[in-house]
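Computed from the coordinates by the stated procedures, all read-outs in this text should not be read as laboratory data. These numbers come from a predicted model, not from an experiment. Positions of Cβ are backbone-derived with ideal geometry, glycine not excepted, and every protein chain shown enters the neighbour counts.
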Amino acid sequence: MDSKEILEIFYSLEDTFIGEYVRSSIWLFPVIESFHLIGLGILGGSIVVMDLKLMKLIFRDIDKIYILEQTKKFFVLGLSLLFITGVPLFLSEAVKLYYSRAFWIKMTCLVIGVIFVYFVRNPLIIKKQGAIMIVVGFLSFSIWTIVAASGRWIGFS
Amino acid sequence: MCGLSSGLYELIIKMLDFVVWLSETKWSIGLRESLYLYPWIESTHVLSICLFFGTLLFVDLRLTGRVFSSLSVAEMNRKVLPLTLFGFLVMFITGLLLFYAIPIRNYQNIFFRVKMLLMIIAGINALFFHKRMSNEAKVWDKDSFIPGSMKSSAITSLVLWSLVIIAGRMIAYNWFDCDRQPQPRWINTLTSCEVDYSLFEGIDGF
């Protein structure tokens, strides 16, 4: 699939009913975006608590598996809210996003972030001990910081 | 009552003079016109939501007994609350800078005013909450019982801060700006916009 075909898909996504509907209202986009931010807060909280624990900055005397058990449902909750609100936001301005570098950086890091959390970080929390976990926590924290920051930069472009 | 409302009106006008002066200072103009500094400050403001709101979520939900229930309330607060407070500090500083960059528009922004009001209520709730918690948390930990009023205070805190986030996000999209007229009179009163209504004669609703 070449870039022209992708652009055409983005054009037709923008033409969908949801895209049109969000665009037709002056308050719908801001309201959906507000809930997108609350989702960011929830997901961010689970990332901050888990990754800072791995980096030995908080909860030093508490088992990391317990922290994972307590934070993972908020990761899912935050991610779900972000996804549910993110889709209509995307549909309302898909073509603008196609030309936005921040959007592509965000989406790439988002995919990397989700894969990293489910296939690298979480399995290692259960299996591994030692200094390697500091690196794992730092990597996860960094990836998700880029996702959030580049997400905000979409609005500036 | 009349004296109170005219006093309030005077205060609002005095504040307006102040924000006008603020907007003319060199640094305010510099921030407003900066290409990258303003977006960086705003990104930092947004990212600190993860620190502030994200960690507050665990602190508050601990009081409802839904998370980290094998840790005592006191222990949870000791470990997580510093992060929450640090997040708040970053938000507060970046928030002041964001206000300083665009003082008049923010001051007359209805969502900004709603946000400030919500933050005051959230602050009062937090004070009540914290005072009671520091007095009684040790007892709850011993009995593993948390009073219902504390649970509702925790939920109130999360609801209020969610509303703060929503109102905050709307500030940038304000469709009630003073220079976007005509607006309903009650909106212009709430935003203290000075509007010459004789210009709108003949338009429906004015």
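Quick notes
- The helices (runs of 4 or more DSSP H) found entirely in the stretch A:1-73 that carry 3 or more residues being among the charged types (D, E, K, R) and either within 30 Å of residue A:90 (Cβ to Cβ) or within 14 Å of chain B (Cβ to nearest Cβ) (or both) are A:3-14, A:28-54.
- The stretch B:56-98: number of residues that are within 30 Å of residue B:32 (Cβ to Cβ), touching a Ser or Thr at 6+ places or on another chain (Cβ under 7 Å) and either at the interface with chain A (Cβ under 10 Å from one of its Cβ atoms) or loosely packed, with under 14 Cβ neighbours inside 10 Å (or both): 1
- Those helices (runs of 4 or more DSSP H) of the stretch A:89-157 in which 3 or more residues are touching a residue at least 60 places away in the same chain (Cβ under 8 Å) and under 19 Å from residue B:47 (Cα atoms) occupy A:132-154.
- Taken over the stretch B:105-144, the criterion of being in contact (Cβ under 8 Å) with a residue 60 or more places away in the chain and exposed (fewer than 14 other Cβ atoms within 10 Å of the Cβ) is satisfied by B:138 alone.
- Test for residue B:30: is it in contact with a Cys (Cβ under 9 Å, 6 or more places away or on another chain), assigned to a helix (DSSP H, G or I) and not charged (D, E, K, R): no
- Selection count, the stretch B:153-178, where residues are of a type outside the set (Ser, Thr, Tyr) and outside any helix (DSSP H, G or I): 6
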